Amino acid sequence: MQKRNVVKILLIFTLVFTATNLFAKEPEKGENGGKVDTKSEIDAYIEHHLQDSHDFTLWSDGETGSHVGFPLPVILWDNGLKIFPSSKFHHGETVAEVGGNFYKLDHGKIYKTDAEGTINYDEHHHATNAKPLDFSITKNVVTMLLVGVLMLLMFGGLAKSYKKGALPTGFGRVLEPLVIYVRDEIAIPNIGKEKHRKFMGFLLTVFFFIWILNLLGMTPLGVNVTGNIAITVCLALFTYFITQFSANKEYWKHIFWMPGVPVIMKIVLMPIEILGTLTKPFALLIRLFANITAGHVVIMSLIALIFTAQNVYVMTPISLLLTIFISVIELLVAFLQAFIFTMLSALFIGLAVQDHDHH
């Protein structure tokens, strides 16, 4: 009975998210001022949806060009600190004047310009204007801060119940089996029962951080944090540095002077092993980035069928059903990517801290 209820909740959850994505996020204006309905416009819209932005847009009206949301603070360093709200850009349509300098938003990036907003491009259509140092609080940053606060509240309550020696109550009952799962199925098998406790904080953090971000990426909020290569690089670097700084002498000995093999093979294997320490985090960041990005592209492409089809009444139910199907798979992928990233991180750490038996 409980499994049936879980399946029903997941289906309702997916249906609501899919329907909201279909109707709440209406396409913006196309090249000719109408709705986005050509292949080039749809490709540009999907690319825009996957990018980070300097404002949080909850609703866009393709007919009037109006946006409902709230601006975020823009923080620039350009011969001094410049702070102003992103509403000055009006979603990239106007030039922001701050302290006598002019700034223009182009493809999600801020460039210095003149009062007319002139942007110069090279032969590859890349902007050549100077760029100030951008420390802005973007949509992805706000989302990560939100997830951080949620995790502090969730696990703070769980920790308090353990300190009191009582069983978890409320949402803590949902978290406890997940924490035990990470400990018993990921940490202990890969790191070992004696050494896993030291790394449980990191493994729990990265598991729930990625999972919650993946789930938020399926909502109409339009966030795509784990589909941002910079975010996955940072997460992989955390795993890399923890692995290297926690490694024992045996680990480094196997890298620089492999025991049990001829001297010539030791020299040959040394650069290969060093390269292997770099390919492991690279595999982590690419796997997470590629899978999440591919899921968003597929869902957005299926939604776009409604606006490009000649017969809207036929394609709408087909597109809706396919989008629901892919969204259900994406719910599974959201968990799997968090699980795989955490499991591989535990595996790499375990290889670095385990004691090797040369017999």
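The values are calculated or read from the model by the stated rules, or taken from the named source; none is laboratory data. The shown structure was predicted, so the numbers you read here are calculated from the model rather than taken from an experiment. When we count neighbours, we look across all protein chains shown, and the Cβ atoms used for this are built from the backbone with ideal geometry, even at glycine.
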### Query
Among the listed residues G201, G192, which satisfies the condition of being free of Cβ contacts under 8 Å to residues at least 40 places away in the same chain and either in contact with a Lys or Arg (Cβ under 7 Å, 6 or more places away or on another chain) or of a type outside the set (A, V, I, L, M, F, W, C) (or both)?
G201
### Message
Just to be sure before I move on: is K88 farther than 30 Å from N214 by Cα, of a type outside the set (D, E), outside the structural domain of V174 (by TED's automatic domain parsing) and in a helix (DSSP H, G or I) in the structure I sent?
### Response
yes
### Task
Could you tell me whether any residue of the stretch 311-329 is of a type in the set (S, T, Y) and touching an Asp or Glu at 6+ places or on another chain (Cβ under 9 Å)?
no
### Query
Pairs, please: C-beta under 6 Å, at least 6 apart or cross-chain, first residue loosely packed, with under 15 Cβ neighbours inside 10 Å and in the stretch 135-158, second assigned to a helix (DSSP H, G or I)?
none
### Hits in the stretch 203-259 - residues which are in contact with a Leu (Cβ under 6 Å, 6 or more places away or on another chain), more than 22 Å from V182 (Cα to Cα) and either part of a helix (DSSP H, G or I) or modelled with pLDDT of 90 or more (or both)
V233
### Task
Hey, can you tell me all the residues within the stretch 297-323 that are surrounded by fewer than 18 Cβ atoms within 10 Å (Cβ to Cβ) and either hydroxyl-bearing (S, T, Y) or touching a residue at least 40 places away in the same chain (Cβ under 8 Å) (or both)?
V297, S301, T308, Y313, T316
### Task
From T277, T308, grab the single residue that is more than 24 Å from T243 (Cα to Cα) and in the same structural domain as V225 (by TED's automatic domain parsing).
T308
